[in-house]
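Chemist: Mind having a look at this structure? Questions to follow.
Readers should treat all values here as calculations from the given coordinates under stated rules, not as data from a laboratory. For clarity, every value in this text was computed on a predicted model and none was experimentally measured. Glycine also receives a Cβ, built like all others from the backbone with ideal geometry; neighbour counts cover every protein chain displayed.
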Amino acid sequence: MPLPEMTRIEQKTYDEALKRIQACLQQGKEYTRLDLGGLGLTTLPPEIGQLTALTKLDLSGNLLSTLPPEIGQLTALTELNLFLNWLSALPPEIGQLTALTELNLWQNRLVDLPPEIGQLTALTVLNLRSNQLSTLPPEIGQLTALTSLDLSQYSLSILPPEIGQLTALTSLNLNHNHLSTLPPEIGRLAALTKLDLSYNDLSALPPEIGQLTALTGLNLTYNHLTALPSEIGQLIALITLDSSFNRLSALPSGIGQLTALTELHLQRNRLSELPPEIGQLTALSELNLSSNKLLELPPAIRQLTALTKLFLHDNPALDLPPGVLGAEWFKVKSEELPPAKPADLLACYFAKGAQGGMALT
């Protein structure tokens, strides 16, 4: 029965949901999917629990602040969409949905997760983006089938060590949190191919980061990193490394071991020099060194013959005029302006050096 304090509009949406549920019941086990998304529901009818054959349930885009305990009776569910609601908590009965492989909870108001979340051991995708979680329960480590975990846009200040038990993870998104450290157990995620740590408060990376040898993409933008660990050189599968908008004053020589890199973004740091090993990155097609404090370029940089984009803007000591530097990175990206040709840019720079430091015109 609907709640007596329902408004007319709420009653109407409730009745529509109930109508769809009853239609499913009439079809019996032949009906395995139910779409209740975008109705404006404030209350989910408890009759939902009678649809024991459901494998996919869409409750997204509603105004739900709670779920009825009957949700736990949907033990055949493999996909549950609850994104874009007002949920502040999940009922413990959520743990009974042991067939779930995909659970989408992004953009709710969750402040914690029940320990029963750990019973969802078949989950491969868990999206919790844009909630209000500050911690994760240790039971998160029981979700050992997870391949994709999105914990971005939270208030997380710490990752539990149990995160290291998620050894099947290939994608981990932690951007826009308040992480100042990473647990060493992060190194156990040997299957990771994508790790997003951007927009956090990290001042250092643990040496165990070097154990993530399957990584192809690592995003470290907008942190407080003053150095990259030497172990970064062990990430030999990396294709994209973005450490822009940090406080790096130098690069480790091990950077040269990242021979699969095609993009290296280092803009807005405090680099005064580059190691000669930079020349070993022969697959590099894009290198952004804008807004640093570079005093000179190493001759080895001329070995980067695959470069199609090289950005050296706002490095005054290099004494390169705008006409040589070409369009800035953001204009190339947003306005699709052509960048300067790296070969021409480097030829001008080293010609200047050969002429005894005469300014380019």
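Chemist: Calculate the translational D of the stretch 254-361 in whole µm² s⁻¹ from Stokes-Einstein, where the hydrodynamic radius comes from the Kirkwood formula applied to all Cα pairs, the temperature is 10 °C and the viscosity 1.306 mPa s. Before the final figure, lay out the partial values.
Modeler: Values: Rh = 14.0 Å.
So the translational diffusion coefficient is about 113 µm²/s.
Chemist: For the chain, what does the equivalent ellipsoid look like in terms of its semi-axes, each the square root of 5 times an eigenvalue of the Cα gyration tensor, given largest first in whole Å?
Modeler: Details: eigenvalues 528, 91, 55 Å².
After diagonalising the Cα gyration tensor, the semi-axes are 51, 21, 17 Å.
Chemist: Which entries in the list Lys309/Lys331; Lys194/Lys341; Lys29/Lys56; Lys194/Lys331; Lys19/Lys56 go over 22 Å, if you measure between the two C-alpha atoms of each?
Modeler: Details: Lys309/Lys331 12 Å; Lys194/Lys341 30 Å; Lys29/Lys56 13 Å; Lys194/Lys331 27 Å; Lys19/Lys56 18 Å.
The pairs that break the limit, which is 22 Å between Cα atoms, are Lys194/Lys341; Lys194/Lys331.
Chemist: Give me the distance between the Cα centres of the stretch 68-105 and the stretch 313-356, rounded to whole Å.
Modeler: 54
Chemist: May I pose another question? Mind checking which of Leu271, Ser88, Leu59 is farthest towards the positive end of the chain's charge dipole, using Cβ charges of +1 (Lys, Arg) and -1 (Asp, Glu) about the Cα centre?
Modeler: Going by the charge dipole, the pick is Leu271.
Chemist: How big is the stretch 22-62 by the Kirkwood estimate over distinct Cα pairs, in Å?
Modeler: Values: mean 1/r = 0.0937 Å⁻¹.
It works out to 10.7 Å.
Chemist: Next question. For the charge dipole of the stretch 286-354, defined by +1 on Lys and Arg C-beta atoms and -1 on Asp and Glu C-beta atoms about the Cα centroid, which residue among Cys348, Pro316, Asn292 has the Cα displaced farthest towards the positive pole?
Modeler: Result: Cys348, furthest along the dipole toward the positive end.
Chemist: Can you check what the net charge comes to around Glu286, using other residues whose Cβ is under 14 Å from the Cβ of Glu286 (Lys, Arg +1; Asp, Glu -1)?
Modeler: Numbers: positive: Lys309, Lys333, Lys341; negative: Asp242, Glu263, Glu328.
Residues close to Glu286 contribute a combined charge of 0.
Chemist: Something else now. Which ³J(HN,Hα) values, rounded to whole Hz and listed in residue order, are derived for the stretch 94-110 from phi using the Karplus coefficients 6.51, -1.76 and 1.60 in 6.51 cos²θ - 1.76 cosθ + 1.60 with θ = phi - 60°, glycine and proline given as x?
Modeler: Result, rounded to whole Hz: 4, x, 7, 8, 6, 8, 4, 10, 9, 10, 10, 10, 5, 6, 10, 10, 5.
Chemist: Given just the C-alpha atoms of the stretch 177-309, how large is their convex hull per residue in cubic angstrom? List each step's numbers first, then the result.
Modeler: Values: hull volume 10.9 nm³, N = 133.
Dividing the Cα hull volume of the stretch 177-309 by its residues yields 82 Å³.
Chemist: Just how large is the dipole of the stretch 275-332 about the Cα centre, in debye to the nearest 20, putting +1 at every Lys and Arg Cβ and -1 at every Asp and Glu Cβ? Write down the numbers at each step before the final one.
Modeler: Working: 4 positive and 6 negative charges, 23 e Å.
With only Lys, Arg, Asp and Glu charged at Cβ, the dipole is about 100 debye.
Chemist: Continuing with this model, one more query. Between Arg302 and Glu5, what length in nm is gained on full extension when 0.36 nm per residue of separation is reduced by their alpha carbon distance? Don't jump to the answer; show the numbers that get you there.
Modeler: Numbers: separation 297, 0.36 × 297 = 106.92 nm, distance 7.32 nm.
Here the segment from Arg302 to Glu5 would lengthen by 99.6 nm.
Chemist: Size of the dipole of the chain about the Cα centre, Lys and Arg at +1 and Asp and Glu at -1 on the beta carbon, nothing else charged, in debye to 20?
Modeler: On the way: 21 positive and 34 negative charges, 135 e Å.
Its charge dipole is roughly 660 debye.
Chemist: Quick check: the distance between the Cα centres of the stretch 178-204 and the stretch 233-304, to the nearest angstrom?
Modeler: The stretch 178-204 and the stretch 233-304 have Cα centres spaced 20 Å from each other.
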